[in-house]
Amino acid sequence: MHRLEKPGRVVVFSFLAIVAGLFCFSTATAQGENRGDLNLNGLPFELADAAIFANYFATGMSAFTIDPDSQIAATDIDMDGLCLTVADYVMMTRIEMGEGDPPPADPDTFAVSVTYNYTDTSVIVSARFDEIPSSMYMEFDFAAEPTWNGRLLRDDGVISMGTAGAGRALAMLITGMSGIPSGSGYVSLVELAYQEGGPTSIRAGVLGTGGDQGIVTEDTTYIVGDVNDDGKINIGDAIYIIRWIFSGGFVPPHLPTVDVNCDGAYNIGDAVYIISYIFRSGPCPCGPPTGGLVSHSNCLAMETINGDGQKTATQDCIEYQYDGQGMLTLTHTNAGLNCCPENFAATVTIEEGVITIDETPIPGLCECLCLFNIDYRVISLPPGTYQISVREQCLDGDDLPLQFTADLVSGPSGSFCLERDHYPW
């Protein structure tokens, strides 16, 4: 039986409310002037300001007794137009702890990939950061009021954590995360143990040490056998399993990657299976083909008009590469989407020789379009010939679909493009 890292310091907060997603109706100038000054004395980010914010979570709107409208506007610490959110409180806490100055009104963003490893009685949250994080919050929803216990999985003495339960919701607050390295793979952060059913949904947000906002996406794609999540199946994966089981090593980012022999267990037999596959031409790791979105670019271009008043044409392309071992990577270049999506709700399905990428329409408050590059990955895909089809958001009635056939045996890499004569192409 493997063991987890020793738990770190835990601080428990007693909140009666988890999140209040109230829009700030004051002007942006007023918000900027009062940001962090909840007691409206002209001195922002005092301990008294943090106490008022914490009191709101305990007692509700009665915490604001001076000028409620102005005090509520002052809680938009991250300047995202939403007041009284856990994200604002996380940022307030970071500033109060001396981990940095208040961020600018338009903070930069960085990528945070998270994984959730479930057992019958717990979930282990791991994350991979593109930048050094400062604070992280998570919200867990349950079908019924949970009986729970949360603990940190790091023992460096730097991270502190706050949890709050209210009815069927649970919030977890982690601060002092600047000791976590960036760009070094997944880090096991916290284990949430529960009884009588796990969470029905999990949301997360991250702040960087410089005030940047982390864009959190769940990593649901993996290769069975790629236990250390480096994109390859090699001896390092067998070593990872052995260290995890016998030496208290880190929990694998995706537990299903361990069960390479499909016996329903995670044990030394899986490490032996990988070694046999690599050095003795043993059978491939098992598992059906699956796929999903891996990453996406920022906005590449907004709608433009050339000198003649005609909209510019752009190629709409799919680039692909197959590694011969079951992994197919695809990039949709110049994908036309809403210019400010909150997330990229794209799915990949594989059925009867057809790989379908469905770029679901994403609602938004902005009336503009933008071009993105979106990366997808399909795993456990046998060699063969496949039809690849993309269901796009912004096609007109006469537009040809982005659809083609690829022989991954004779041509393991290539591209297919269509010329679009109207925006967003």
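See the values below:
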| item | result |
| --- | --- |
| Among (1) assigned to a loop (DSSP other than H, G, I, E, B); (2) exposed (fewer than 14 other Cβ atoms within 10 Å of the Cβ) - the single one Glu419 does not satisfy | (1) |
| Test: residue in segment 190-206 that is assigned to a loop (DSSP other than H, G, I, E, B), within 14 Å of the chain's Cα centre (by Cα) and either buried (at least 19 other Cβ atoms within 10 Å of the Cβ) or modelled with pLDDT of 85 or more (or both) | no |
| Checking Pro107 against (1) within 19 Å of the chain's Cα centre (by Cα); (2) modelled with pLDDT of 80 or more, the condition it does not meet | (2) |
| Which numbered condition Gly225 fails, given (1) more than 22 Å from Gln321 (Cα to Cα); (2) crowded, with 20+ Cβ neighbours inside 10 Å; (3) not acidic (Asp, Glu) | (1) |
| Single residue of Asp229, Asp212 found to be of a type outside the set (A, V, I, L, M, F, W, C) and not assigned by TED's automatic domain parsing to the domain that holds Ser135 | Asp229 |
| Only one of Ala143, Ala127 that is under 16 Å from Phe250 (Cα atoms) and among the hydrophobic types (A, V, I, L, M, F, W, C) | Ala127 |
| Selection within segment 65-101 - of a type in the set (Gly, Ala, Ser), at pLDDT below 75 and out of contact with any Cys (no Cβ under 7 Å at 6 or more places or on another chain) | Ala87, Gly98, Gly100 |
| Pair list, Cβ under 7 Å, 6 or more apart: segment 145-162 residue among the small types (Gly, Ala, Ser), other residue in a loop (DSSP other than H, G, I, E, B) and modelled with pLDDT under 85 | Gly157/Gly8; Gly157/Arg9; Ser160/Arg9; Ser160/Val11; Ser160/Gly176; Gly162/Val11; Gly162/Val12; Gly162/Phe13 |
| Where a residue in segment 356-372 is at pLDDT 65 or above and its partner, wherever it lies, is assigned to a loop (DSSP other than H, G, I, E, B) and among the charged types (D, E, K, R), with Cβ under 7 Å and at least six apart | Glu359/Glu392; Cys368/Glu303; Leu369/Glu303 |
| Residues being surrounded by 23 or more Cβ atoms within 10 Å (Cβ to Cβ), hydroxyl-bearing (Ser, Thr, Tyr) and assigned to a loop (DSSP other than H, G, I, E, B) - total across segment 75-94 | 1 |
| Selected residue (criterion: surrounded by the fewest Cβ atoms within 10 Å (Cβ to Cβ)) from residues of segment 276-301 that are in contact with a Gly (Cβ under 8 Å, 6 or more places away or on another chain) and modelled with pLDDT of 80 or more | Ser276 |
| Ile233 vs. criteria among the hydrophobic types (A, V, I, L, M, F, W, C) and part of a loop (DSSP other than H, G, I, E, B) | yes |
| Scope segment 387-416; condition part of a strand (DSSP E or B) and touching a residue at least 40 places away in the same chain (Cβ under 8 Å); matching residues | Ile388, Val390, Leu402, Phe404, Ala406, Ser413, Gly414, Ser415, Phe416 |
| Some residue of segment 217-227 being part of a strand (DSSP E or B) and of a type outside the set (Ser, Thr, Tyr) | yes |
| Hits in segment 60-74 - residues which are without any contact (Cβ under 8 Å) to a residue 40 or more places away in the chain, under 16 Å from Asp88 (Cβ atoms) and either in a loop (DSSP other than H, G, I, E, B) or touching a His at 6+ places or on another chain (Cβ under 8 Å) (or both) | Phe64 |
| Per-region count, segment 201-255, residues of a type in the set (D, E, K, R), out of contact with any Lys or Arg (no Cβ under 9 Å at 6 or more places or on another chain) and under 24 Å from Glu131 (Cβ atoms) | 4 |
| Cross-chain or 6+ apart pairs with Cβ under 8 Å, segment 163-175 first and under 13 Å from Thr147 (Cβ atoms) and of a type in the set (A, V, I, L, M), then modelled with pLDDT under 75 and surrounded by fewer than 23 Cβ atoms within 10 Å (Cβ to Cβ) | Leu170/Ile18; Leu170/Ala164 |
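Here's the yes/no breakdown for (1) at pLDDT below 80; (2) farther than 30 Å from Glu33 by Cα:
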residue: Pro103; (1), (2): yes, no
residue: Ser113; (1), (2): no, yes
residue: Met138; (1), (2): no, no
residue: Gly157; (1), (2): yes, yes
residue: Ala169; (1), (2): yes, yes
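The values are calculated or read from the model by the stated rules, or taken from the named source; none is laboratory data. Remember, it's a predicted structure, so these values are computed and weren't measured experimentally. Heads up, the Cβs are rebuilt from the backbone with ideal geometry, glycines too, and the neighbour counts pull from every protein chain shown.
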